[in-house]
Each structure stands twice: as C-alpha cells, then as structure tokens.
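> Okay, handing you the structure first.
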C-alpha cells in the first residue's frame, strides 16, 4: 500500500539565492570542457599531427568569427558606451 502525504502538506520551498542554478551551470561547463579535452586527446591518437593541426586552425577561426559576430551584435543592440 502506497502512502501519500496529506493534502495539506506544503512542498519544500525552493532556494531563491541562485545556488542551484550556479551549480548546474558550473557542472555543465565542466562537462563540456571534459568532452572537448577527450575529443582532442582521441583525435591526436587517431589522426596524423598535420590533420589535428588543421582542425585546430579551423576551430580557432570559427570561434574567432563567432566571437566577432556576437561582439558586433552586442554593440549594435546595446550601444558602444
């Protein structure tokens, strides 16, 4: 037989200080970093150094272009001052 809490029981209040959100964001960033590191380690084991270097150049260029586009968008949207 399954026991249920009484209908008058109030749920536990949620934290409003942002600690849970910050912790989730930190864990997500750490997991993404580890996945990227694992990808580069595997690529160095599976491919020739010249191919890995070429891929690194492409990734760096892509990140630079995206950063520039976001910077321009933010400057247009929020002004330069």
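> Can you say whether residue 77 is on the phi < 0 side of the Ramachandran plot, surrounded by fewer than 10 Cβ atoms within 10 Å (Cβ to Cβ) and either modelled with pLDDT under 90 or touching a helix residue (DSSP H, G or I) at 6+ places or on another chain (Cβ under 6 Å) (or both), as far as the supplied structure shows? So that I can check it myself, show each step before the final result.
Working: on the phi < 0 side of the Ramachandran plot: yes; surrounded by fewer than 10 Cβ atoms within 10 Å (Cβ to Cβ): yes; either modelled with pLDDT under 90 or touching a helix residue (DSSP H, G or I) at 6+ places or on another chain (Cβ under 6 Å) (or both): yes.
Here the answer is yes, as residue 77 does meet what is asked.
> Same structure again: Return the only residue of 70, 34, 64 being surrounded by 10 or more Cβ atoms within 10 Å (Cβ to Cβ), at pLDDT 95 or above, out of contact with any strand residue (DSSP E or B) (no Cβ under 8 Å at 6 or more places or on another chain) and assigned to a helix (DSSP H, G or I).
On the way: 70 fails: at pLDDT 95 or above; 64 fails: at pLDDT 95 or above.
Unique residue meeting the criteria: 34.
One line per residue, one yes/no per condition, for (1) modelled with pLDDT under 70; (2) out of contact with any strand residue (DSSP E or B) (no Cβ under 7 Å at 6 or more places or on another chain); (3) not in a loop (DSSP other than H, G, I, E, B):
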site	(1), (2), (3)
4	no, yes, no
9	yes, yes, no
24	no, yes, yes
28	no, yes, yes
45	no, yes, yes
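The values are calculated or read from the model by the stated rules, or taken from the named source; none is laboratory data. Computed from a predicted model, the values in this text were never measured in an experiment. Using ideal geometry, Cβ is built from the backbone for each residue, glycine included, and neighbour counts are taken over all protein chains shown.
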